[in-house]
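*Asks:* Following this message is one structure expressed as structure tokens.
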Amino acid sequence: VLEGTGEGIVFATAAATAFGNVAALTERLYLEPSPLQRELAVTARIIAAVAITIAVVFFLAGTATERLSTRDSFLFGVGILVAIIPEGLLPTVTLALALGVQRMGHRNAIIKRLSSVEALGSTNVICTDKTGTLTINEMTARQMWAGDAHYTVTGRGYRLRGGVRAVGAQAEGHGSALTWLLRCGVLCNNGIPPHAHRHRGGVGDPLDEALLVLAIKGGLDPDGERL
């Protein structure tokens, strides 16, 4: 339910609700590996295959030529296998990502996972909703048309400063149409008039609050119209 009025009966709480099911699904969310992790996994498989192949080749060569015993050929193959694996790859990658996290921290960006640094660097498009960050959840009526007449509304936000002004001479004689339009906006409204609460800004749906402010600027009393 996003807006309006009504009555309801509580039949479930906490994890038994639909919202609780969504929360449970988010807890079972599988974290996909980052591009760097996928590339490192491929690189690790290639290095392992090459190292095992070379170790087996040297083991078979030493055994076939009979220059080394089976035990020495096995130890030689294991030594080749260990020598080929790059032990410094992991700390090198970790250090590089840690430096990236440090640089992002200097730009007021908190990174929780080291792999997120590389994932963010390979991102081409970011789709995000900035509502509530760049905006303040307020709406303001600026233009009105009633009875073939054009009106402008001064003021900004939920402040009651401002009024409704007619544009041109054609607005004369259309005051009743304007009044009925503002009255409809008040009667079909679930908001609370700005003067009835102490909160900064509106309480409720921004559109409802904007219509109430518009009615007050037009000379109507929302509480009186609703009686």
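*Asks:* Which ones in region 1-33 are aromatic (Phe, Trp, Tyr), within 23 Å of the chain's Cα centre (by Cα) and modelled with pLDDT of 80 or more?
*Replies:* Passing the criteria: only Phe19.
*Asks:* Oh, and also: In region 64-74, what residues are surrounded by 14 or more Cβ atoms within 10 Å (Cβ to Cβ) and at pLDDT 80 or above? Let's see the steps before the verdict.
*Replies:* Residues of region 64-74 that are surrounded by 14 or more Cβ atoms within 10 Å (Cβ to Cβ), as a first pass: 68, 73-74.
The answer is Ser73, Phe74.
*Asks:* Same structure, new question: Collect the residues in region 84-110 that are open to solvent by 80 Å² or more (accessible area, probe 1.4 Å) and part of a helix (DSSP H, G or I), keeping them in residue-number order.
*Replies:* Filtering region 84-110 for residues open to solvent by 80 Å² or more (accessible area, probe 1.4 Å) gives 87, 90, 92, 95, 99, 102-103, 106-108, 110.
Passing the criteria: Leu90, Thr92, Leu95, Leu99, Gln102, Arg103, His106.
*Asks:* With the condition being open to solvent by 80 Å² or more (accessible area, probe 1.4 Å) and modelled with pLDDT under 85, I'd like the helices (runs of 4 or more DSSP H) fully within region 121-227 carrying at least 1 qualifying residues. Before you say what the answer is, go through the steps one by one.
*Replies:* Working: elements: 175-187, 206-217, 222-226.
Because the criterion is at least 1 residues that are open to solvent by 80 Å² or more (accessible area, probe 1.4 Å) and modelled with pLDDT under 85, the helices (runs of 4 or more DSSP H) in region 121-227 that meet it are 222-226.
*Asks:* Next question. Would you confirm, using the coordinates I've provided, whether Phe11 is open to solvent by 90 Å² or more (accessible area, probe 1.4 Å), free of Cβ contacts under 8 Å to residues at least 60 places away in the same chain and either part of a helix (DSSP H, G or I) or closer than 30 Å to Asn189 by Cα (or both)?
*Replies:* For Phe11, the condition - open to solvent by 90 Å² or more (accessible area, probe 1.4 Å), free of Cβ contacts under 8 Å to residues at least 60 places away in the same chain and either part of a helix (DSSP H, G or I) or closer than 30 Å to Asn189 by Cα (or both) - is met.
The values are calculated or read from the model by the stated rules, or taken from the named source; none is laboratory data. Everything numeric in this text was worked out from a predicted model, so none of it was measured. Cβ sites come from the backbone with ideal geometry, for glycine too, and all protein chains shown count toward neighbours. Surface accessibility is based on the protein's heavy atoms, side chains included, excluding ligands, DNA and RNA. Shrake-Rupley method; radii C 1.70, N 1.55, O 1.52, S 1.80 Å.
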